[in-house]
Structures are given as structure tokens and as C-alpha cells.
Amino acid sequence: MKTDLSASLFKRAKKVIPGGVNSPVRACKSVGCDPLFLQKASGCTVTDVDGNEFIDFVGSWGPMIIGHGHPGVLKAISETAVNGTSFGAPTALEVELAELVCDSVPSIEKVRFVNSGTEATMSAIRLARGCTGRKVVVKFDGCYHGHADSFLVKAGSGVITLGIPGSPGVPDDIVKNTLSIPYNNVEVLEKTLRDSSLDIACVIVEPVAGNMGCIVPDMEFHRTLRKLTAELGIVLIFDEVMTGFRLALGGAQERFGIKPDLTCLGKIIGGGLPVGAYGGKKELMDNIAPDGQVYQAGTLSGNPLAMAAGIAMLNELRSPGFYEELEEKCEEFGKGLEKIAAAASVPTVLNRIGSMMTCFFTSEEVRDFESAMKADTELYARHYRQMLAGGIYLAPSQFEASFVSAAHDRSHLEKALLMTESSFKKLMDR
Ligand code: KE4
């Protein structure tokens, strides 16, 4: 595969951009190769600057659930752009998108748009702290909520040991009020939330984990989390930046029948443009400035192009049968993957829910951070490189989710299965 232009761009990029990328995972360090610079995308395929085309299972890390370059989204953006790209003033578009979000996600009575998932989650925990007057944020090992200081704690920092910075530049003072506990562990959850010495404002959780690879927790974990947070007056925040509008129109909360107090959104709701959002009960959201005291702001929040793209995206998702059709395709694809793994006796476990999945290279069940970390990242890296050579673009890390879109038709999925079979055979040969 010719990658000269990507290589020369990467060389240039490293001179002027840290690591040559604008987000670390894109550097492909964990899969032992240099990044390809993409030039265009359409439907379920992406093409790099050297003209190599791939079937895409990254989908820009989630937003592209209806496929790249959807005509409805492009039309909305271009028709809006001719009227101007940003005003820093309210527009009808943001009202329309807010109404669509509130109508699609029943737990959201009011919503505030921001520019990224990180902004959404950091604002949600500030709101929770502001409304409760409490300080401690509980999160879960292996769950990622963006790069705000409060979230960058070393995973597994112990059941009651408060946060240990997970990154230089994050002072102890910031993370001392963040507690990270094991995901999907009801016993530790109960013990922590009931610990009266902890001044807990909120719990923030990925209702389906996607950032340690895909993990669907036990429903007992979710039921206990909702029951205890309601009983103890702790704000329950569902970080649905990845699962929102991915797993159902109403996200994971619709699928699981759980109503959080606040929900964070991102990715899909921007149709590929920079958008985040947080929303929930009026009684909480009305505490946000200017009506309330909890401050949050943003120059480009509610940007008209992003709003127009989001409206076009959500209108596609609200078309009858969208999720059922996607579910059916992914069910078949998942069964194909499992059959191939069993036949090739490659130690893999497939965790899948809807169109979000991860093939872990391990023989044990993956149900939390500790078990996920047992996956063979070297084997994943070899698989990644073999699939890339075969025209399949996977997430460049074992600890990410892969996504199928409505634009993947059966021929694309069949090709991906064939390439997987060939890759698994090569993995076993060495
Ligand atoms: P952003 O700030 O990257 O828009 O969103 C942060 C975020 C928050 N919550 C969840 C559940 C997320 O998955 C993310 C971001 N996801 C990663 C992919 N695992 C973004 C990719 C990247 O960091 O480049």
C-alpha cells in the first residue's frame, strides 16, 4: 500500500503539531504504525491522501451513524453557510435542535449546547456540584469523559482513596474530589455511595462503556446506581456522548429504561461538526446562567452550521425503522465475527450492543477495566495492520469501540468478515 503522501504530511505535521496529531489516539502508537492522512469520505468508506480506500469502522469515533457525506447533512450545512457561519447570537436552528433532543430523550427537559463532549461533561459536573453544594465526583475505572482536569484521575485509584492525577498538569487539589471505582461492581458501588464521609455531588457513568473497549454492564449495576443515587440525593449523570442516538433514539437510557438526572451528548448530534450538549430535569438545568448561578458559556455554542447538521442527522435517525434495520445488520455481522473467531481458534471475546462493538483479544469475559486490560494488545496491533492492508479501517486501539453505520451494506460487512477470517488465520500461523 502506497503511503508516501501520508508519510510526508506526518513528517511536516510533527514539526508544528504535538505528536503530529490533534488527538493522541490518532497517532496510532498502540498499533505500531504511522497514521494515514485522510482526504475524503463517502458512505462507509474513507480515502487517504495516497488514494487508498477503506471500509470505515471508526466513523469519526461515533458521529457517522448515517455514513459520511450524507446528502441531507451536506445540503443543510451548505444552505446554512450562505447566510453566515456564526453570529454569537441565538438562532432558530438551535431552538429546533433543542426541541428535537428533548423530544427524543425523555429525561431531557432542557438542554444547553456546547462544542465538545468534554465541555458537556465538565459543565454537567459543575452543575451537579453547584446544585448540591457537594464536592466529590464518582466515576468508574476505564470510563472516559473527556480531558477536563476532574476526570483525569489514575484508574483504579482504590475504593476510597480519592483521585491520583492521571496526567501531569492536573494538580492533586483538583482530583482529590474525584473518586474512581470499579465499573460494573455493585458491591463496591453500594459501599462507596453509602459512605457518609464522602461528600458526593454526582456519579458520572458511561451507561455502556466504549473507552476501554465496549462493555455492557449488568442491569443490576444500573438499577442499583439509579436506586442509590435517588435515595441519597446524588445527581446521576449518564455520559451518552458515544451512546446517545447510537444505541436508540433515546440512547442507552431508552434501551435500559433508566432515567438519569443529567445526560451528556456529543458526536452524533453534530452530524460530524463540533457539538456537545448537556441536559436534564428543568429543576437542575434552570440553575445554569443567565437564569441560575452556575456559570457556563461558549463563543461558538449553538453554531448555526453545527445545529443545521445536527437537525438533518436527527431527522434521518427519527425515520421509521432506522434502528431496527441497523440492529438486524449488526446482529448478523456479530454472529459472523463470532463464527470466524471460533473456527480460527483465535482467543477473542466480542462485546456488542447495537452498532457498537469491540473484539477483545482475550479468552476471558470482559466486564470491567481489569478484565479489559488482560487483552493481548500486540495481537490486536497485528490484526489492525493486517486489516488495514486488506482495506478495512479499524480503531487504532484495542480499547476503543468500532461502529457500523446505516451506510454499511451487506457487501461491505461480508468483505470485512472475509478479511477478518484471513487475518485471524495469519495470527494463528505465527
Ligand atoms: P470530546 O471532547 O472528544 O468531543 O468527547 C469526550 C468524550 C466524552 N465522553 C465519552 C463517552 C467519549 O467517548 C468521549 C470521546 N471519545 C473519544 C473516543 N473514545 C474521542 C476520540 C479522541 O479522543 O480522539
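The values are calculated or read from the model by the stated rules, or taken from the named source; none is laboratory data. None of the values given here were measured: they were computed from a predicted structure. All Cβ positions, even for glycine, are placed from backbone atoms using ideal geometry, and neighbour counts span all protein chains on display.
Things to note:
- Residue count for region 361-379 satisfying the condition of being without any contact (Cβ under 8 Å) to a residue 24 or more places away in the chain, surrounded by fewer than 18 Cβ atoms within 10 Å (Cβ to Cβ) and part of a helix (DSSP H, G or I): 1.
- Criterion violated by residue 400 - all others in (1) part of a helix (DSSP H, G or I); (2) crowded, with 17+ Cβ neighbours inside 10 Å satisfied: (1)
- Of all residues in region 124-145, exactly one satisfies the criterion of being closer than 17 Å to residue 283 by Cβ and among the hydroxyl-bearing types (Ser, Thr, Tyr), namely 132.
- From the list 310, 276, 233, 250, the lone residue that is in contact (Cβ under 8 Å) with a residue 12 or more places away in the chain and in contact with a strand residue (DSSP E or B) (Cβ under 7 Å, 6 or more places away or on another chain) is 276.
- Selection within region 395-423 - of a type outside the set (Ser, Thr, Tyr) and closer than 20 Å to residue 32 by Cβ: 395, 396, 398, 399, 400, 419
- Test: residue in region 166-177 that is out of contact with any strand residue (DSSP E or B) (no Cβ under 8 Å at 6 or more places or on another chain), closer than 18 Å to residue 229 by Cα and free of Cβ contacts under 8 Å to residues at least 24 places away in the same chain: no
- Qualifying residue in region 99-121 (condition: charged (D, E, K, R), buried (at least 20 other Cβ atoms within 10 Å of the Cβ), within 16 Å of residue 275 (Cα to Cα) and within 11 Å of the ligand (Cβ to nearest atom)): yes
- Any hit, region 187-203, residues being among the β-branched types (Val, Ile, Thr), more than 25 Å from the chain's Cα centre (by Cα), over 27 Å from residue 24 (Cβ atoms) and modelled with pLDDT under 95: no
- Just one of the listed residues (31, 21, 49, 58) is within 14 Å of the ligand (Cβ to nearest atom), touching a helix residue (DSSP H, G or I) at 6+ places or on another chain (Cβ under 8 Å) and β-branched (Val, Ile, Thr), namely 21.
- Tallying residues that are part of a loop (DSSP other than H, G, I, E, B) and surrounded by 15 or more Cβ atoms within 10 Å (Cβ to Cβ) within region 38-68 yields 12.
- Single residue of 78, 30 found to be within 21 Å of residue 420 (Cα to Cα), among the polar types (S, T, N, Q) and assigned to a helix (DSSP H, G or I): 30
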